[in-house]
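Trainee: What follows is a single structure, and I will ask about it in a moment.
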Amino acid sequence: AALDSFSSRVDTLRRQTLALAGTPPILGIPLAESNGGVDPRDGSSETQWKNRLAEIFVAYLKANEDARQVRYIGVADEGLELVRMDRDGATGEPIRADQSHLQRKGHRYYYPEAMAIAAGETYISDIDLENGVVQIPYQPTLRVATPVDDPDGRRVGVVMINVDAQSLLSRISRRAPEGARLHLTNERGEYLLRPDSNHVLSLLRAK
């Protein structure tokens, strides 16, 4: 039962990621990009599609308190983010990353791994520390992603949700029998959960 709540949330995140990938802006943005900045289907500009996607991402973050970030990453320019919405650490409110703060993610391990699966499938990353560095407070992160293909089968991007992994792991602790001393490791033997409070220190760096 302790693991059921964790697994249930991950399954929900998979479905939510696929739902976000199925929203109209996901294909509208690359279509506009490849047609001089205008979607030939309805005349929507690339900027309009990105603004619509940002609104969808805002709604998602407001409805899912354990989600820290949601983004659409393109295939061009070393995996440059197209739209990214972050959760403000102080207020908890969604904040859109402006154009100058969008990042290239082609070098991060989770990007090629997510790109390697088929559209309609979902990818679950390792739990690691956000940005590959130790931050205080610690930010163990789980990423759920799905790649996107256009109607011609060309890969156009990846939709990705970053989730507060500590919140997910606490689901296991809350449902464990009273007095249980839980230990949970990843495939590399790094502790994700253990009775003391310093278990995150074994995740000293992301891949």
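Trainee: Go through HIS107, HIS101 and list them by solvent-accessible area, largest first, probe radius 1.4 Å.
Mentor: Largest accessible area first, the list is HIS107, HIS101.
Trainee: For ILE161, ILE95, what's the largest-to-smallest order of accessible area, 1.4 Å probe?
Mentor: Heavy-atom accessible area, descending, gives ILE95, ILE161.
Trainee: Quick one: order VAL163, VAL156 from most to least accessible surface, probe 1.4 Å. Before the final figure, lay out each step's value.
Mentor: Numbers: VAL163 0, VAL156 20 Å².
Largest to smallest exposure gives the sequence VAL156, VAL163.
Trainee: Here's another thing I want to ask about it. Points 7 angstrom from Cα along the Cβ direction at ARG41 and SER8: gap in nanometres?
Mentor: Between ARG41 and SER8, the simple spin-label model gives 3.6 nm.
Trainee: Any idea of LYS105's accessible area? Nearest 10 Å², probe 1.4 Å.
Mentor: Accessible area of LYS105: about 10 Å².
Trainee: Set the Förster radius R0 to 25 Å, insert the Cβ-Cβ distance between ARG96 and GLU65 as r into 1/(1 + (r/R0)^6), and round the FRET efficiency to 0.05. Write out the running numbers ahead of the final one.
Mentor: Details: r = 18 Å, r/R0 = 0.73.
Given R0 = 25 Å and the Cβ-Cβ separation, E is 0.85.
Trainee: Just the Kirkwood number for segment 5-111, please: inverse of mean 1/r across all distinct Cα pairs, in Å, one decimal.
Mentor: Result for segment 5-111, one decimal place: 14.8 Å.
Trainee: While we're on this one: Long-range amide H contacts for LEU82: which residues qualify at under 5 Å (H placed 1.01 Å from N, peptide plane, sequence gap of 5 or more or a different chain)?
Mentor: Sorted by chain and number, the residues that satisfy this are TYR72, ILE73, GLY74.
Trainee: Something else about it: Rolling a 1.4 angstrom probe over the protein heavy atoms, how many square angstrom per residue are accessible across segment 28-75? Can you show the working numbers first?
Mentor: Numbers: 2200 Å² over 48 residues.
Each residue of segment 28-75 exposes 46 Å² on average to a 1.4 Å probe.
The values are calculated or read from the model by the stated rules, or taken from the named source; none is laboratory data. What you see is a predicted model, and the numbers here were worked out from it, not measured in a lab. Positions of Cβ are generated from backbone atoms using ideal geometry, with glycine treated the same way; all protein chains shown enter the neighbour counts. Note: accessible area is taken over every heavy atom of the protein model, side chains too, but ligands, DNA and RNA are not part of it. Shrake-Rupley method; radii C 1.70, N 1.55, O 1.52, S 1.80 Å.
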